[in-house]
Structure formats: structure tokens, C-alpha cells
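For reference, the structure discussed in these notes is given below.
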Amino acid sequence: MISKRRSAAAFAALAVLLLTAGCRDSGAPSGGPGGMPPAVVTVQEMQPTAWRDSIQALGTTRANESVTITAKVNETVRRVNFESGDAVRAGQLLVDLSGNTQLAELEEARAAYEEAERLFRRNQELAARQLVAESALDAQRAVRDAARARMEQVRAQLGDRAITAPFDGVLGLRQVSPGALVTPGTPIANLDDISIMKVDFSVPEVFLGQIGRGQAVTARSAAFRDLEFQGEVMSLDSRVDPVSRAVTVRAEFPNPDGVLRPGMLMTVDLLQPERQVLALPEIALVQIGREASVFRVDENQIVTQVPVTVGARRRGEVEIVEGLAAGDRVVIDGTVKLRSGMTIDPRPRGTASGSEHAPVQGGAAPAVSP
């Protein structure tokens, strides 16, 4: 019995000791005198920064000029003067369909024209001396004109057998070989002018008033993740689609290196006029549901959690619409270990803080140490 009473008394004394210690510890704030050392965090001073809103869309690339080169006549390919992927100039001979028959017909028509022209000149001289009737001269003039028309006709037919490039560009895959029989419409190769690429994309009609010719556009492709292409709006479709309620916008992008090809999927950012805003790295936000807050630092290096209203977002950054003012200092790294009332040891941005996050890299304003 005595042993049980002693055990109960010892347990009660231990409980009182622990309760007293807990009350004493709770009386001293964390990070304050006599408590844990101040938390090492990264701090940034809020300053207005340039911000450009953008309208995002998906677009498809198109060549500046594009055509499928085809045959116009039934003929056998005599010679192919290009290889797949060749860069060609306007007027360059690509495929020769000419045969000996067409060349012979052209020579015959040329000879007939020259003979008719010679007879016309002779009759013209005789008519001047009134040795030939005027009607005979007119008849010979008609014969000469008919011979010339025949020669031009054969020459045009021969020209249909000499297939040339209509503009400067890059050829696609060759689809014919010497000796092949082609018919009207037989594809020979695709020809694309890719010095300038067009990108068509759809934008909701609510943004129609914010789009204009000459507006800056940037685009990215999954095929070239490290490249950002710069272009501008060239035109808008004359109609809004009544089903999707969107308007098609066409932008042009210089493509001097030929990196872009027709048919590529592009992520397009239609940039709006620049404005000044207060912005923070997204890592500085403490997000609970739809509510967002940050830790503001006062002159005594004590943090206070304040609610903020978030605006637009971009890569790694967020616009602060309400809750902060220029000159406020905000913790941008190390927020997980903080609570209101704690004293901190602020470090400039880019200095190792020993926090659970690595220093944020991005386009926000540089941090300022106190």
C-alpha cells in the first residue's frame, strides 16, 4: 500500500513538472530571446515590375507559299532535275517531259512561219510597186499570222512539258522517276516557301477588341523546347465562327534557318501592352483552398501572415493585386517553417537559406537584404 502511494505521488510530481515546463516554453515565442534561433529565410522587397499579359492559343504552321507541282499532259518523264529536299529558284527546270515528237512539231511550225513571213515581205514589196493586188497581200498576211499562231501553240504545248518552279522554295519528297508515265494531276513534289511561316490560331471573340495588326506574338514548339519564335499578327479572319464563337488570327514568323516546317503544332502567346505590377515568385504564396497569403517582414524582422489577392500568372511568377504595397518586404523562400510573430534571419535572394526549398530562379525583382 505504501509503495502504491509513493508511485502515485511521484507520478503527480512529474506531471506538475512537465506542465510547468510547457507553460514556460509557451510563454517565449519561437525565434525570440531564450527560444529557438531565428529562422533563416530569403526575403524580397516589393517593387513595380514590367508585366505583359498574354492570350494563349494553339496554332498550326503554314508555309508562306505552298503548291503541289503536277503534270499537265499525258507524257513520259524524260529527265528529273532535282532531288528530295532541294532548295530551288523560281523558273528552275524541275522535270522535262519533252519528246522528239514535240520538238519536231516545233521545228516544223517555225519553218512554216518563216516561209510565210518571207512570202509576205515579198508580196509587200510587189504591192508597193502595184505589181500584186491588195487582196493577195491580205491573204498572205493571214497565212503568216496563222503560221505564227501555230508556232506559238506548239511552243506552249512544249512548255507544258517543261515543268518549272513557280517560286523560290524547298522541295519535298520526289514522287516521279525518269521513264514514268504521268497524266494531268499526277503529283511530282511539294514546293514550300518556308522563309516566312504563317501560324493560324483561334481566339475567343471576347478578346477581339484586344487584337490588332502588328501585335507581338511569341510561339513555342514541342520539337524545339529551348527556342522561342518571335512574330507579329498580320491579319484576322473577316468572320467569327458562330459555333465556337472564335475568330481565326494569322501571325507571321521569320524562319531564316528553316527550323519550322508546315503542319507543326505551336503554342502561341498573343502579347498585350506592357504594364507595371507587383509580382512575386509563386513559391512565396501560402495557398489554402482559394485563399492565398504571404509572410510580410517588419523593421524588427518579425513576420506577419497577410492575405493577398492574386491576379495573372506567368512562368514561376504571380501578380499581387491587393494586400501588399511597394517597399514591403516578403519572405519568398522558407515559408513552411514560419508562423505570425516569429523572428527571422533574412538573407538576400540567391543566398543559401538552409530552407526546404532551393532559391527560386526566374524573372522577379531581386531580393533586398534588410
Hits in the stretch 61-91 - residues which are polar (S, T, N, Q), in a strand (DSSP E or B) and in contact with a Lys or Arg (Cβ under 9 Å, 6 or more places away or on another chain): THR61, ASN64
Among the residues of the stretch 184-224 satisfying the criterion of being in a loop (DSSP other than H, G, I, E, B) and among the small types (Gly, Ala, Ser), which is farthest from ARG161 (Cα to Cα)? GLY212
Is the stretch 261-270 home to any residue that is over 19 Å from GLN47 (Cα atoms) and small (Gly, Ala, Ser)? yes
For the stretch 147-158, pairs from a residue that is in contact (Cβ under 8 Å) with a residue 40 or more places away in the chain to a residue that is among the charged types (D, E, K, R) and surrounded by 17 or more Cβ atoms within 10 Å (Cβ to Cβ), with Cβ under 6 Å and 6 or more apart or across chains, are VAL154/GLU105
Only unsatisfied item for LEU119, checking (1) outside the structural domain of VAL268 (by TED's automatic domain parsing); (2) crowded, with 16+ Cβ neighbours inside 10 Å, is (2)
Within the group GLY179, GLY212, which residue is closer than 21 Å to ARG79 by Cβ, at pLDDT below 90, out of contact with any Leu (no Cβ under 8 Å at 6 or more places or on another chain) and not aromatic (Phe, Trp, Tyr)? GLY179
Considering residues that are within 26 Å of LEU236 (Cβ to Cβ) and surrounded by 23 or more Cβ atoms within 10 Å (Cβ to Cβ), the number found within the stretch 272-284 is 0
Of all residues in the stretch 86-106, count the ones that are among the polar types (S, T, N, Q), at pLDDT 70 or above and closer than 16 Å to ASN74 by Cα. 0
Would you mind telling me which numbered condition in (1) over 27 Å from the mean Cα position of the chain (by Cα); (2) crowded, with 18+ Cβ neighbours inside 10 Å; (3) not aromatic (Phe, Trp, Tyr) ASP269 fails? (1)
Find the residue count for the stretch 324-348, including only residues that are closer than 15 Å to GLN47 by Cα and touching a helix residue (DSSP H, G or I) at 6+ places or on another chain (Cβ under 7 Å). 3
Tell me, yes or no, whether the stretch 275-295 has at least one residue that is more than 30 Å from ASN64 (Cα to Cα), of a type in the set (Ser, Thr, Tyr) and part of a strand (DSSP E or B). yes
Do we have PRO262 as outside any strand (DSSP E or B) and modelled with pLDDT of 85 or more here? yes
Taking first residues from the stretch 202-220 that are in the same structural domain as THR60 (by TED's automatic domain parsing) and second residues anywhere that are part of a loop (DSSP other than H, G, I, E, B) and modelled with pLDDT under 85, the pairs with Cβ under 7 Å that are 6 or more apart or on different chains are none
If you scan the stretch 65-88, which residues turn out to be closer than 20 Å to ASP257 by Cβ and out of contact with any Phe, Trp or Tyr (no Cβ under 9 Å at 6 or more places or on another chain)? SER66, SER84, GLY85, ASP86, ALA87
With the requirement that a residue be in contact (Cβ under 8 Å) with a residue 24 or more places away in the chain, under 15 Å from LEU171 (Cβ atoms) and surrounded by fewer than 17 Cβ atoms within 10 Å (Cβ to Cβ), what does the stretch 65-83 give you? GLU65, SER66, VAL67, THR68, THR70, GLU83
By residue number, the members of the stretch 235-254 that are more than 14 Å from THR61 (Cα to Cα) and in a strand (DSSP E or B) are SER235, LEU236, ASP237, SER238, ARG239, VAL240, ALA246, VAL247
Since VAL336 meets every condition but one in (1) of a type outside the set (D, E, K, R); (2) assigned to a strand (DSSP E or B); (3) free of Cβ contacts under 8 Å to residues at least 24 places away in the same chain, which condition does it not meet? (2)
Give the stretch 113-136 a look and list any residue that's of a type in the set (A, V, I, L, M, F, W, C) and over 27 Å from ARG155 (Cα atoms), or say none. LEU126, ALA127, ALA128, LEU131, VAL132, ALA133, ALA136
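The values are calculated or read from the model by the stated rules, or taken from the named source; none is laboratory data. Predicted model only: the values in this text are computed from it and were never measured. Cβ atoms come from the backbone with ideal geometry, glycine included; neighbour counts cover every protein chain shown.
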